[in-house]
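Report on the structure given below.
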Amino acid sequence: MATMNISLPEPLKAFVDEQVARGVYGSTSEYVRELIRRDHERSRLRDLLLAGAASPADVDADDAFVSALRDRARQAADG
């Protein structure tokens, strides 16, 4: 695993130390890795959404389509 050193202002360092002290994260490195993973996923999702918005529509989003989509979402939420 590669090593990276970062500099933080004291208030941010204190915040990170507090998160680790709460026991949610085992170390400062674990906390920072989790933040980077979340940002990476957010960026990837944004790119997918933008690509989808730029792509041509494959179906007409009429009332029947929207109703079927709602049904699928409800079924997925109910597990």
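The values are calculated or read from the model by the stated rules, or taken from the named source; none is laboratory data. Treat the numbers as computed from the prediction; the structure is a model and nothing was measured. Cβ atoms come from the backbone with ideal geometry, glycine included; neighbour counts cover every protein chain shown. For the accessible areas, the whole protein counts, side chains as well, though only heavy atoms, and no ligand, DNA or RNA atoms are used. Shrake-Rupley method; radii C 1.70, N 1.55, O 1.52, S 1.80 Å.
Of these, Ser27, Ser43, Ser67, Ser7, which one is open to solvent by 60 Å² or more (accessible area, probe 1.4 Å) and either at pLDDT 95 or above or of a type in the set (Gly, Ala, Ser) (or both)?
Ser7
Taking the range 39-68 on its own, how many of its residues are more than 23 Å from the chain's Cα centre (by Cα) and assigned to a helix (DSSP H, G or I)?
6
Of the conditions (1) of a type in the set (A, V, I, L, M, F, W, C); (2) modelled with pLDDT of 95 or more; (3) open to solvent by 100 Å² or more (accessible area, probe 1.4 Å); (4) not in a helix (DSSP H, G or I), Ile36 fails just one. Which one is it?
Result: Ile36 passes all but (4).
Here are the criteria: (1) surrounded by 10 or more Cβ atoms within 10 Å (Cβ to Cβ); (2) assigned to a helix (DSSP H, G or I). Tell me which single one Arg74 does not satisfy.
Condition (1) is where Arg74 drops out.
Does Leu12 meet the test of being surrounded by 11 or more Cβ atoms within 10 Å (Cβ to Cβ), in contact with a helix residue (DSSP H, G or I) (Cβ under 9 Å, 6 or more places away or on another chain) and of a type outside the set (D, E, K, R)?
Spelling it out, it is not the case that Leu12 is surrounded by 11 or more Cβ atoms within 10 Å (Cβ to Cβ), in contact with a helix residue (DSSP H, G or I) (Cβ under 9 Å, 6 or more places away or on another chain) and of a type outside the set (D, E, K, R).
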